[in-house]
Amino acid sequence: FKLFKVHSRMKQYAKALSDIGRALELEADNVDWRIQKSKLLKSLGQCDRAVAELAQVQSENEEVQALVREASECDQTIAFAQKALMEGDYRTAAHYFQVAMKFVEQASDLLLQKASALLYTGDYYGVISDTGKILKQYPQHLEAYRLRGMAYIRLADHEIATQHIREG
C-alpha cells in the first residue's frame, strides 16, 4: 500500500493501480483500500470498473455514496459517448467525451476516442491538442501520431503531417 501512495503522488497511476491491486489481494476486506482503488480507476477513465469495485463496499457513508454516484455518472457518460461514436454521431460523441474528461485525470483512451470524433467533425486543432496530450504521456503512441498526422493533412500542412505519420 505504501508503494501505491508513492506512485499516486508521482502521478504514475498505472503502477499505483497495480500496487493497490496487489494490496487488495492480500487484504481483500480492507474497505479503505477498495475505495482508493475505485477513485484511482475513475481518475484513469475506467469508471465501469470503479462502479464494480464500489459495489463490493457495503457502506452508507456519504462520501462513498457520492463516489458511487460520480463513478456511475462517469460510466454512463462514457457509454453515451462510445455509443454515439459507433453510430457515427461525431459531434455528440465529442461532446460526451469532453464531459467525461471532467471526471478523469489521465485517460488517454478517452482522449483518443474524442480526437477520432473531432477529426470527423472538422475540429483539426482539437485533434492536434488532444493527441499532443496523449503523446506527452505516451511518446510512442502510434494511433495518436496517425490521428495527428491526419489532422495536419486536413489543415494542408503536409510537411508536419508526413513527419507525424512517419513517427507513428
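Three semi-axes describe the equivalent ellipsoid of segment 1-89; taken as square roots of 5 times the Cα gyration tensor eigenvalues and ordered largest first, they are 25, 17, 10 Å. Here E167 and S72 are evaluated by their C-beta separation; at R0 = 45 Å the FRET efficiency comes out at 0.70.
With contacts taken as Cα pairs under 8 Å at a separation of at least 6 residues, segment 5-49 carries a relative contact order of 30 percent. Sort out for me the Cα centre separation of segment 111-129 from segment 141-168, rounded to whole Å. The distance from the Cα centre of segment 111-129 to that of segment 141-168 comes to 12 Å. Note on A79/R22: beta-carbon distance plugged into 1/(1 + (r/R0)^6) with R0 of 25 Å gives a FRET efficiency of 0.30. Relative to the Cα centre, the charge distribution of the chain, modelled as +1 at Lys and Arg Cβ and -1 at Asp and Glu Cβ, gives a dipole magnitude of about 560 debye. In plain terms, the chain from V6 to A156 could stretch by 49.5 nm, reckoned as 0.36 nm per residue minus the Cα-Cα distance. Since only A52, A84, L17 are under comparison, the one whose Cα sits farthest along the positive direction of the charge dipole of the chain, derived from C-beta charges on Lys, Arg, Asp and Glu, is L17.
Could you tell me which of the pairs K37/K83; K15/K133; K5/K136; K42/K114; K5/K114 are separated by over 25 angstrom between their Cα atoms in the structure shown? Flagged as over cut-off: K37/K83; K5/K114.
Remark on segment 70-130: ratio of C-alpha radius of gyration to 2.2 N^0.38 Å is 1.01. Here the chain has 51 percent of its accessible surface on carbon and sulfur atoms, given a 1.4 Å probe and all protein chains in place. Note on segment 62-91 and segment 9-51: Cα centroid distance 19 Å, given to the nearest whole angstrom. Taking the three principal axes of the alpha carbon atoms in the chain, the coordinate ranges are 56, 32, 19 Å, sorted in descending order.
The values are calculated or read from the model by the stated rules, or taken from the named source; none is laboratory data. Predicted model, so just to flag it, every value in this text is computed and none were measured. Glycine also receives a Cβ, built like all others from the backbone with ideal geometry; neighbour counts cover every protein chain displayed. Side chains are part of the model used for accessible areas, which takes the heavy atoms of the whole protein and leaves out ligands, DNA and RNA. Shrake-Rupley method; radii C 1.70, N 1.55, O 1.52, S 1.80 Å.
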